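The structure appears below as structure tokens.
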Amino acid sequence: ALAQANGPSSLTFPELRHQLGQQDSVAEGYERQTVIRWGDPLAAEAPAFNPTAQTPDAQARQFGYNCDYIDFKPLPAGSDNSDHGLLCVNHEYTSTQLMFPGLPAGSAARQRVTAEQARVELMAHGVAVVEVRKRDGKWEYVQDSRFNRRITGETEMRLSGPAAGHDLLKTSADATGTRVLGTLNNCAGGNTPWGTVLTAEENFNQYFGGASAAEGPQAATHRRYGIVPRSSYAWPKFIDRFDLDKEPNEANRFGWVVEFDPYDPQSVPVKRTALGRFKHEGCHHAVSADGRVVVYMGDDERFDYVYKFVTARPWNPNDRAANRDLLDEGTLYVAKFLDDGKVQWMSLVQGEGPLTAANGFNSQADVLINTRRAADLLGATPMDRPEDVEPNPVTGRIYVMLTNNSRRTAQQLGAANPRAANLHGHIVEIIPPGAGTDKVDHAATEGRWAMFLMAGKPGIDAGAAYHRATSDQGWLSCPDNCSFDKKGRIWIATDGAPSAAGVADGLYAADTTGVGRALTRLFYQAPIGAEVCGPCFTPDASTVFLAIQHPAESAGSTFDRPSTRWPDFADNMPPRPSIVAIVKKGGGEIGA
Ligand code: FEO
Ligand code: CA
Ligand code: CA
Ligand code: CA
């Protein structure tokens, strides 16, 4: 009977109706629990959240702002426990106008902060690791766990791989070019087969400023990465290293993928330069048939590219230490999507093709620090803002979330980006050799691609294309993150639907194979102003965690007059970016 009610879809939940309001909502039969919120203390002695008396020191020991990627690492380590583990959460950026009292709406707020508030912002960035457990069906976090950790914009980390130690990475504080303070704009991420977490630095450009961004010897590189004299944050005014006139190379130390061990709170995070420098959205892995590890990555900018990195050696399942620096050696590739359905992976190797000294690439470090320009020279396919690029572990196919690109013109169309003024985005599927078998060749330099769906409202938005049975509630706009359940179904989180389509951002699910392929269904909706990030299933898929990012970030909304006070709805509490857990009432697998 249920299958009948849901048509060809294997998903059994009743769909929500599209809306946009102060509350969030989840499909009937499911329960949403709040696990942890911005400001919640992460150590026994850490101060309770006081929104009108924030300090950098307090924020450095509390859950940060604008949660994004989520990873669930079971406890004990190595188990597949689904009731107890560590949540590893990115804190992408700060919605300054919603963080502090007395500031104007919109981005103008960022220029009005005090020196101390700028440091609170810096501490609200980075990553949190927090122990969570399910008790009597309810998820809670453990405030005094020895695993809890905040990685902030000031945490010391190491640069490794081919670019480490290069002159362009040296600063007055670090003559070695190998020690960096902090990680910034950590958007999506990923993990490795050996239990570490990867956190991706995305829009790092916006924290830096100074006249030399536009006129110094590095101006061309800075321009390609969107670094301009006027920072969107006030940080260069207060913190010297963000002023390029004082510290010309600091920006080169951001835009990397960072690896850390969530089970060891003392471990030093490592920026893996072999994976290239760009606006990394995420970094999702697959193990190729020969045991080499492949990470797929998107560069989230209009007309930027899809990448993958293939390790030089297979990973070793029997010796965790042997994998420690696996991500330092291997080959970085960028994708070309041909109109005939082929995809070619072109290697970014110094000395090959145009990547020579004559073009300014004297070493592999030059290629990595200037990854975007190297990929330009190879003729990679400019995409409609690549967000998550994530392999489906059941089928071996890879899904590329292309969130939107309002600037694509009719003269710039290709089969893989077929819509001009693409407001709603689309999802491309990459099919590597061996997909669908147990020997998928993720390391191959050729594969095929297919269109999975074109977002927007069918019948209204030109080009929108899904399964023909997609309902008036099931269409989506602006796909950003995705995840796969145990059955290989895709769960798509959106970012930008309120402005593009007038509906809340949400979480949608669809089959990827069979008669219900690309029949998307609406499962969860965020409160006004928020996007949905980081869908993350426990190993048994009985819980899906979601990061509800920037609630109340809508026009005219401020700390003093927010468009919603989600999730607390208390007069003395601002809106708080939070992690929620969704479980099925009475237990069982999500989506069934
Ligand atoms: Fe931070 Fe690409 O979304
Ligand atoms: Ca975001
Ligand atoms: Ca994102
Ligand atoms: Ca986004």
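A short reminder: the numbers here are calculations on the coordinates, not readings from a lab. In this text, all values refer to a predicted model and were calculated from it rather than measured experimentally. Don't worry about glycine lacking a Cβ; one is built from the backbone with ideal geometry, like all the others, and counts go over all protein chains shown.
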**Study point:** Greater than 20 Å apart at Cα, pairs in K342/K487; K279/K439; K246/K279; K487/K584; K342/K486
**Key:** K342/K487; K279/K439; K246/K279; K342/K486
Review point. For region 250-319, what is the convex hull volume of the alpha-carbon atoms per residue, in Å³?
Key: 116 Å³
Point to revise | Length added when fully stretched, D319-K439, from 0.36 nm per residue minus Cα-Cα | key: 40.9 nm
Check your understanding: Toward the positive end of the charge dipole of the chain, about the Cα centre and with charges on Cβ (Lys, Arg +1; Asp, Glu -1), which of G102, P354, P51 goes farthest?
Key -> P354
Practice item. Counting only C-alpha contacts under 8 Å and six or more residues apart, can you give the relative contact order of region 47-146 as a whole percent? Key: 31 percent
**Study point:** For the chain, calculated [θ]222 nm from helices alone, where every DSSP H run of n ≥ 4 adds -39500 (n - 2.57)
**Key:** -2000 deg cm²/dmol
Revision key, fill the gap. N422 neighbourhood, Cβ < 13 Å, K/R = +1, D/E = -1, net charge +3
Review point. How long, wide and thick is region 200-347, going by the Cα atoms along their three principal axes, in whole angstroms, largest first?
Key: 50, 49, 22
Point to revise | Förster radius 60 Å - calculated FRET efficiency between D240 and Q23 (Cβ-Cβ, nearest 0.05) | key: 0.85
Revision key, fill the gap. V130 neighbourhood, Cβ < 12 Å, K/R = +1, D/E = -1, net charge +2
Exercise for review: Express in nm, to one decimal, how much length is gained between D339 and A44 on full extension, taking 0.36 nm for each residue of separation and deducting their alpha carbon distance.
Suggested key: 100.5 nm
Exercise for review: Counting other Cβ atoms within 10 Å, keep those with at most 13, restrict to DSSP loop, and tell me which trypsin sites (Lys or Arg not before Pro) in region 1-77 are left.
Suggested key: R17
Review point. When the Kirkwood radius is taken over all Cα pairs of region 258-417, what Stokes-Einstein diffusion coefficient follows at 20 °C and 1.002 mPa s, in µm²/s?
Key: 128 µm²/s
Review point. In a shell of Cβ-Cβ distance under 13 Å around Y466, excluding Y466 itself, what net charge do Lys and Arg (+1) and Asp and Glu (-1) give?
Key: +1
Review point. Cα extents of the chain along the three principal axes, largest first, in whole Å?
Key: 67, 58, 52
Review point. For region 20-81, which GluC sites (Glu not before Pro) are both in a DSSP coil and crowded by at most 13 other Cβ atoms within 10 Å?
Key: E28, E45
**Study point:** Spatial separation of Cα centroids for region 449-520 and region 133-187, in angstrom
**Key:** 34 Å
Exercise for review: Would you mind listing how long region 98-163 runs along its three principal axes, going by Cα atoms, in whole Å with the largest first?
Suggested key: 44, 43, 18
Check your understanding: What Kirkwood hydrodynamic radius, in Å, does region 452-530 give when the mean of 1/r is taken over all pairs of distinct Cα atoms and then inverted?
Key -> 12.5 Å
Exercise for review: Take peptides 382-392, 550-560, 343-353 and line them up by average Cβ neighbours within 10 Å, highest first, as a rough protection proxy.
Suggested key: 382-392, 550-560, 343-353
